[in-house]
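The values are calculated or read from the model by the stated rules, or taken from the named source; none is laboratory data. Quick caveat, the model's predicted, so the values are computed rather than measured. Using ideal geometry, Cβ is built from the backbone for each residue, glycine included, and neighbour counts are taken over all protein chains shown.
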2 protein chains.
Amino acid sequence: MRDVAVVGIGITKFGELWEQSFRNLFVEAGKAAILDSGVEKIDSMYVGCMSSGLFVGQEHIGCLMADYLGVSPIPAVRVESACASGGVAFRQAFIEVASGMSDVVLAGGVEKMTDVDGAIATYALATAADAEYEGFQGVTFPGLYAMMARAHMDRYGTTSEMLAHVSVKNHDNGNLNPYAQFPVKITVDTVLNSVMVADPLHILDCSPVTDGAAAVIVTTVENAKKLGKPAIRIAGSGMATDSIALHSRDDMTTLNATKVAAEKAFAMANMTLKDIDFAEVHDCFTIAELIVLESLGVYAPGKAGEAAMAGETARSGSFPVNPSGGLKSKGHPVGATGIAQIVELVKQLRGEAENGRQLDNVKRGLAQNMGGSGGSATVHILEV
Amino acid sequence: MRDVAVVGIGITKFGELWEQSFRNLFVEAGKAAILDSGVEKIDSMYVGCMSSGLFVGQEHIGCLMADYLGVSPIPAVRVESACASGGVAFRQAFIEVASGMSDVVLAGGVEKMTDVDGAIATYALATAADAEYEGFQGVTFPGLYAMMARAHMDRYGTTSEMLAHVSVKNHDNGNLNPYAQFPVKITVDTVLNSVMVADPLHILDCSPVTDGAAAVIVTTVENAKKLGKPAIRIAGSGMATDSIALHSRDDMTTLNATKVAAEKAFAMANMTLKDIDFAEVHDCFTIAELIVLESLGVYAPGKAGEAAMAGETARSGSFPVNPSGGLKSKGHPVGATGIAQIVELVKQLRGEAENGRQLDNVKRGLAQNMGGSGGSATVHILEV
């Protein structure tokens, strides 16, 4: 397998973008990534998208986006793994370039979630759970993560204040991100006094419904060196699955797919967690960020909440998490999120993060993206 | 890139399977493929599925199927390219094994289309077209292919009798396939007297709405030789795209994505059409089989209809096409079709085709699968 790097990034503003169409969002991000990279052409592309059928009445997304990006007849494949669709698109591009099948591949992600009303969006998102045993019985994602939060609180004494600190920290970061949906600073009190969605999760513990797209260009390290931008090497890639239904798991307070995906990525990279300077992780709900960090081994089980309160995961902390603002503040267009995480890693590793949110002296970052209540996960390690 | 082979196949009965669920169909095919191959474990899997969100209210398919097949935590990715989803799943498995990333990969496809009523199924299928410029304006797939048929008739003098011969031939073959949805012999008169769906396409020019699944196991040729079954080598793989909307094409009587995908597959295989003994092609409508054969170069433009009437594409003809019965008689569970084609190629190349539909002395077969009105296509060349 060949050594592979990211050489271009593109992202749209995240938000409730009524004046933008599904296809236009993807094209905007894709064009930005191509221009940023300096490549003359792409050989193939992947589009991460969770549920365009239910959100915008459109499937056959690879074909559509290649057509509107003006790159047909190249191969273009849509991949779906619920909210991990973007991470999977990135991984497939990595495999295709590593294999020698293609030299330059675009990996993008997109979701247009606000063209339907909230009830339909909630239904569409619930198709990431086990439809027959969870979704059709009325469980929604705030409900599933609320059960995980309750279990974590019960076992480890995690508090609503700890969860609120995750949200406050991610909004602090997102406030500096010009692409974020909610670039606003909030306080712990704002979170605790916000409306309850699914006890113990307040609305400010939940990531929003978002329109947006992101794209990156992947090529060989050798090829990357001939282009203008620093080559950000993909040192490790891991993907894993778990039971789709939350009730089928041995333990609701850990995420096994994330754990296994991280082990694979670290093994490929020949690294350990000590080598990593910062991370973008899948904070679809505040509790998710805590359980993910514990599953990655950044903190012992039950200890991530205290670390959040102590500021350890803030930009100035010992292990910065979600400098982009995360899903919470930046927004969560589900198919685009995994690629948006890679965009942030590349910005930080290039030293290009905007508005003073640049981390000091970072050489290696990790991105963790997951689908559903953690039934699928990807972990990628990038280094400059 | 490593040399890759198919070592196991599995397929369910195709039909209106009300007693079978979406997940059970996939598991049945997947288990059959694993058992047929003799492999002890699989490293990764791909699931081709077009629109489970609209058909059964379920996304996150890779995770779901890995879970129910009992193979978690391996990576499992759903790919979608409308009716070419199966062909794409096969291609991704090929790339992953060729790359060295994995040694044994399952490629499967599934669709459960009869749990919704006909109008919803028609809507779901129309999401393979350009939703904004075709589907939302009321065009359905019979309408799109009827326009292609009219254009072909106008330019080349193709007749309804020629189209009917395609249907009769595919039903002759499907009549011998125990997995076919409509294993019944029909006549040209039956087709011409059947109800008109979209002029000039009668209902017996159209493939049906179908439930079904298929799966294959892909590994290195080296590994395949250690297993019990003959290694069926994947000599070539090509994928390409075209404009998603029919009206955007230069020519409605040819299929450019199929043409380009075939060129790539032949280049990889270092073969020409002369090396190919038979083919499975995407006969979603009878006119599609004719235009595909012309786009592949089997017949000159406008000449495939006469060849069908002359019996050249029958099992006993000079270039047998769709010995499985094709989409027309075998059925068309859209996400599974591309894999079902590979299953038939492997059966024929192993000499295992049932009920006397085995072709004599075939060494190399081609499978062509496409999405929408031809906006995406895969071509694979297999050899024993």
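B:ALA146 is checked against (1) surrounded by 21 or more Cβ atoms within 10 Å (Cβ to Cβ); (2) within 11 Å of chain A (Cβ to nearest Cβ); (3) in a helix (DSSP H, G or I) and fails just one. What number does that condition carry?
Among (1) surrounded by 21 or more Cβ atoms within 10 Å (Cβ to Cβ); (2) within 11 Å of chain A (Cβ to nearest Cβ); (3) in a helix (DSSP H, G or I), B:ALA146 violates only (2).
Are any of the residues in region B:4-16 within 14 Å of another protein chain (Cβ to nearest Cβ) and outside any loop (DSSP other than H, G, I, E, B)?
The answer is yes; a qualifying residue exists.
Can you give me the number of residues within region B:42-63 that are of a type in the set (A, V, I, L, M, F, W, C), farther than 18 Å from B:THR210 by Cβ and at the interface with another protein chain (Cβ under 8 Å from one of its Cβ atoms)?
Summing the residues that are of a type in the set (A, V, I, L, M, F, W, C), farther than 18 Å from B:THR210 by Cβ and at the interface with another protein chain (Cβ under 8 Å from one of its Cβ atoms) in region B:42-63 gives 1.
Taking only region B:69-88 into account, find how many residues are more than 7 Å from chain A (Cβ to nearest Cβ), out of contact with any Phe, Trp or Tyr (no Cβ under 8 Å at 6 or more places or on another chain) and either assigned to a helix (DSSP H, G or I) or surrounded by fewer than 24 Cβ atoms within 10 Å (Cβ to Cβ) (or both).
5
Determine whether region B:268-278 contains at least one residue that is within 23 Å of B:TYR145 (Cβ to Cβ), in contact with a helix residue (DSSP H, G or I) (Cβ under 9 Å, 6 or more places away or on another chain) and not in a helix (DSSP H, G or I).
no
Residue check: is A:ARG91 in a helix (DSSP H, G or I) and farther than 28 Å from B:GLY100 by Cα?
So A:ARG91 fails the test.
Hey, among A:ALA93, A:ALA66, which residue is buried (at least 24 other Cβ atoms within 10 Å of the Cβ), within 25 Å of A:GLU352 (Cβ to Cβ), within 13 Å of another protein chain (Cβ to nearest Cβ) and small (Gly, Ala, Ser)?
Selected residue: A:ALA93, the only one of A:ALA93, A:ALA66 that is buried (at least 24 other Cβ atoms within 10 Å of the Cβ), within 25 Å of A:GLU352 (Cβ to Cβ), within 13 Å of another protein chain (Cβ to nearest Cβ) and small (Gly, Ala, Ser).
Could you check how many residues of region A:232-257 are assigned to a loop (DSSP other than H, G, I, E, B) and either away from every other protein chain (no Cβ under 14 Å) or not hydrophobic (A, V, I, L, M, F, W, C) (or both)?
Here the count works out to 8.
Please work out if B:SER44 is touching a residue at least 40 places away in the same chain (Cβ under 8 Å) and either farther than 17 Å from B:GLY338 by Cα or in contact with a helix residue (DSSP H, G or I) (Cβ under 9 Å, 6 or more places away or on another chain) (or both).
Here the answer is yes, as B:SER44 does meet what is asked.
Of the residues that make up region A:355-373, is at least one within 10 Å of the chain's Cα centre (by Cα), touching a residue at least 60 places away in the same chain (Cβ under 8 Å) and farther than 20 Å from A:ARG249 by Cβ?
Checking region A:355-373: at least one residue is within 10 Å of the chain's Cα centre (by Cα), touching a residue at least 60 places away in the same chain (Cβ under 8 Å) and farther than 20 Å from A:ARG249 by Cβ.
Of everything in region B:101-143, what is acidic (Asp, Glu) and within 11 Å of chain A (Cβ to nearest Cβ)? Give them in sequence order.
B:ASP130, B:GLU132, B:GLU134
Between A:VAL334, A:VAL298, which is on the phi < 0 side of the Ramachandran plot, in a loop (DSSP other than H, G, I, E, B) and either surrounded by fewer than 18 Cβ atoms within 10 Å (Cβ to Cβ) or in contact with an Asp or Glu (Cβ under 6 Å, 6 or more places away or on another chain) (or both)?
One residue alone meets the criteria, A:VAL334.
I'd like to verify a number: residues in region B:1-55 that are of a type in the set (Asp, Glu) and closer than 26 Å to A:THR127 by Cβ, how many?
Of the residues in region B:1-55, 3 are of a type in the set (Asp, Glu) and closer than 26 Å to A:THR127 by Cβ.
Just to be sure before I move on: is B:ALA257 under 23 Å from the mean Cα position of the chain (by Cα) and either polar (S, T, N, Q) or modelled with pLDDT of 95 or more (or both) in the structure I sent?
Yes, satisfied.
Counting residues that are buried (at least 21 other Cβ atoms within 10 Å of the Cβ) and either of a type in the set (Phe, Trp, Tyr) or out of contact with any Asp or Glu (no Cβ under 9 Å at 6 or more places or on another chain) (or both), which helices (runs of 4 or more DSSP H) fully inside region B:155-231 reach at least 3?
B:160-174
Does at least one position in region B:116-128 carry a residue that is in contact (Cβ under 8 Å) with a residue 12 or more places away in the chain, part of a loop (DSSP other than H, G, I, E, B) and farther than 16 Å from A:ILE61 by Cβ?
Yes, some residue in region B:116-128 is in contact (Cβ under 8 Å) with a residue 12 or more places away in the chain, part of a loop (DSSP other than H, G, I, E, B) and farther than 16 Å from A:ILE61 by Cβ.
What residue, among those in region B:263-308 that are in contact (Cβ under 8 Å) with a residue 12 or more places away in the chain and of a type in the set (Val, Ile, Thr), is nearest to B:THR337 (Cα to Cα)?
B:VAL281
May I ask you to say which residue of B:LYS225, B:LYS274, B:LYS229 is modelled with pLDDT of 95 or more, more than 25 Å from B:ARG78 (Cα to Cα) and among the basic types (Lys, Arg)?
B:LYS274
Test each condition in (1) of a type in the set (S, T, N, Q); (2) in contact with a Leu (Cβ under 7 Å, 6 or more places away or on another chain); (3) farther than 29 Å from B:VAL139 by Cα for B:THR286 and report the one that comes out false.
(3)
Where residues in region B:26-41 are in contact (Cβ under 8 Å) with a residue 60 or more places away in the chain and in a loop (DSSP other than H, G, I, E, B), which of them is nearest to the other protein chains (Cβ to nearest Cβ)?
The extreme case among them is B:LYS41.
Of all residues in region B:349-384, count the ones that are part of a strand (DSSP E or B), more than 14 Å from chain A (Cβ to nearest Cβ) and more than 24 Å from B:MET147 (Cβ to Cβ).
Here the count works out to 7.
Which ones in region B:80-98 are of a type outside the set (S, T, N, Q) and farther than 22 Å from A:LYS264 by Cα?
Selection gives B:GLU80, B:ALA82, B:CYS83, B:ALA84, B:GLY86, B:GLY87, B:VAL88, B:ALA89, B:PHE90, B:ARG91.
Scan region B:17-25 and tell me whether some residue there is under 21 Å from the mean Cα position of the chain (by Cα), touching a residue at least 40 places away in the same chain (Cβ under 8 Å), in the same structural domain as B:ALA84 (by TED's automatic domain parsing) and not in a helix (DSSP H, G or I).
yes
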